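Report on the structure given below.
The values are calculated or read from the model by the stated rules, or taken from the named source; none is laboratory data. All of these numbers come straight from a predicted model, not from anything done at the bench. With ideal geometry, Cβ positions are generated from the backbone for all residues, glycine too; neighbour counts draw on all protein chains shown.
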Amino acid sequence: MVQDSAQGAHKVQSEVQADPVRALVLTGFGINCEEEFAAAYRLAGAEATIVHFNQVLHGQVSIHDFDVLNFPGGFSFGDDLGSGVVLANKLRYRQTSADGRTLLDDIKQFIADGKFVLGICNGFQVLVKLGLLPNLGGDVTPEVTLTHNASGRYEDRWVTLRVNPAARTPFLTGIDRLEVPVRHGEGRLVVPDEATRAAIEAAGLNCLSYIDANGDGTSEYPLNPNGADLNCAGLTDPTGQVFGLMPHPEAFLTAYNHPDWARRRRQNPGASEEGEGLQIFKNIVAHIRKPHPPAPSPAGEGGPDGHFVAEEGRPYYERRQRREESLHTSIEHDVFTAGAGGKWQALKQFSREMRKAPTPAEDVLWQEVRGQKLGVAFRRQHAIAGYIVDFVTLADKLIVEVDGEIHDQPDQAGYDHGRTQLLQEHGYRIIRFTNQQVLNELPQVIQRIQHELASA
């Protein structure tokens, strides 16, 4: 049974803005920090739901109904083959649907949709063993590892951390340093080669460092309790959406969690009663809750006219068309390659911008197809062959476009024809619906999509 069931996960579009931030906290298989994790989110103002991994693996709960996915600490599978190893392999290889999809595939889609992932201690180990951290290459292949502490013993002590000023994750916004406890036997980050080390440092992915009394990164034991390379206590991926750390911020939610709380209270009676670890959870909840204006376009457009609009209209589609035209001709027309370098990355960034500002019709349809609700995995605002399509299931090569009145214009119709022809050359089938069809005839729209999937 789902604890604190996420009621309202399927609310209609008119209620979306009132919904709370939803945090999914996974447990089972030896994880034991789920309650503290959930308490942190509740104190931060979010709705926290604890579920057993099997409920997700068996399709009873969809991660796509949540805003942030959480991997707590503990001893998954008893750490018998190494911390996080068995659970990571289960997520990578256990198929969750007949088409061979895995939970890792869903997590990759979850991140592509602009959502967030947090792993603490054993959860951090799982993310590293999966290759989600640091994920320098973008292909979710393990690049570093976490192994036995250099001390040769289980470490249970408080440490002081410094946030890397170059870190680009909203989890750490406004934090300079914090004091939190560690409790682990395999927390030593090992970076296999100098090139990987340099890439991590250059991108600021080593977001947390163990420090000494002077505030400098240290390898000295016990200030660095496990001997981690780069003095690293935590990593992010290049997007900043995936964050993992060995220390336990969820174990310092109130000032009274600290072993020296009484002396501190006497010295500073007016100090906050919040623990330093709570700020990480408050940060991500505030970030998800706050409306974010889209970033300037890859072509350099900015200001109010450079932002997307939620309503259907010519400016939205003209900007999309101009940017596609400026990018697609020099991008290798292959869905599965990132070999086009900066321009491919620019198109991906543009896709992310568009996901943040869907039209009302696009958002309504997304609520109906997300999370494999139709038995297949759809992606939205996905880059294919130099273009961005509204919805696509890659396995079935079916594209669904939601069009406004602008598409009736002769110039737009000509552009759409060329775009459609190229996508068809890549083996994709394309079906189109108008905004009004989606908003007023949704059951028929879904039925048509299901029919196309069945005939694939």
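Residue-by-condition table, conditions (1) within 16 Å of Glu276 (Cβ to Cβ); (2) buried (at least 18 other Cβ atoms within 10 Å of the Cβ):
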position	(1), (2)
Leu161	yes, yes
Arg177	yes, no
Leu208	yes, yes
Ala213	no, no
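Restricting to segment 247-291, count the residues that are among the small types (Gly, Ala, Ser), surrounded by fewer than 19 Cβ atoms within 10 Å (Cβ to Cβ) and in a helix (DSSP H, G or I).
3
Between Thr420, Thr393, Thr359, which is polar (S, T, N, Q), modelled with pLDDT of 90 or more and not assigned by TED's automatic domain parsing to the domain that holds Asp106?
Only one candidate passes the filter, namely Thr393.
At positive phi and in the same structural domain as Ala44 (by TED's automatic domain parsing): is that true of Gly275 in this structure?
So Gly275 fails the test.
Go over the candidates Phe110, Phe77 one by one and state the one that is touching a helix residue (DSSP H, G or I) at 6+ places or on another chain (Cβ under 6 Å), in the same structural domain as His184 (by TED's automatic domain parsing) and modelled with pLDDT under 90.
Phe77
Between a first residue in segment 79-98 that is without any contact (Cβ under 8 Å) to a residue 12 or more places away in the chain and among the small types (Gly, Ala, Ser) and a second residue that is surrounded by fewer than 18 Cβ atoms within 10 Å (Cβ to Cβ) and not in a strand (DSSP E or B), which pairs have beta carbons less than 9 Å apart while being 6 or more apart in sequence or on different chains?
What qualifies is Ala98/Gly375.
Quick one: which strands (runs of 3 or more DSSP E) sit completely within segment 142-206 and have at least 2 residues that are acidic (Asp, Glu)?
Passing ranges, in order: 155-163.
Name the single residue that is modelled with the lowest pLDDT among those in segment 14-38 being within 19 Å of Glu368 (Cβ to Cβ) and either basic (Lys, Arg) or within 22 Å of the chain's Cα centre (by Cα) (or both).
Val16
Looking at segment 31-74, which of the residues that are touching a helix residue (DSSP H, G or I) at 6+ places or on another chain (Cβ under 7 Å) and acidic (Asp, Glu) is farthest from Leu278 (Cα to Cα)?
That would be Asp65.
Going by what's in this entry, would Val182 be described as at pLDDT 95 or above and either basic (Lys, Arg) or buried (at least 22 other Cβ atoms within 10 Å of the Cβ) (or both)?
The answer is yes for Val182.
Check off (1) within 30 Å of Tyr154 (Cα to Cα); (2) at pLDDT 90 or above; (3) hydroxyl-bearing (Ser, Thr, Tyr) for Ser62 and give me the number that stays unchecked.
Condition not satisfied by Ser62: (1).
Take Asn135 and tell me if it is surrounded by 17 or more Cβ atoms within 10 Å (Cβ to Cβ), assigned by TED's automatic domain parsing to the domain that holds Asn257, polar (S, T, N, Q) and on the phi > 0 side of the Ramachandran plot.
Judged against the criteria, Asn135 is a match.
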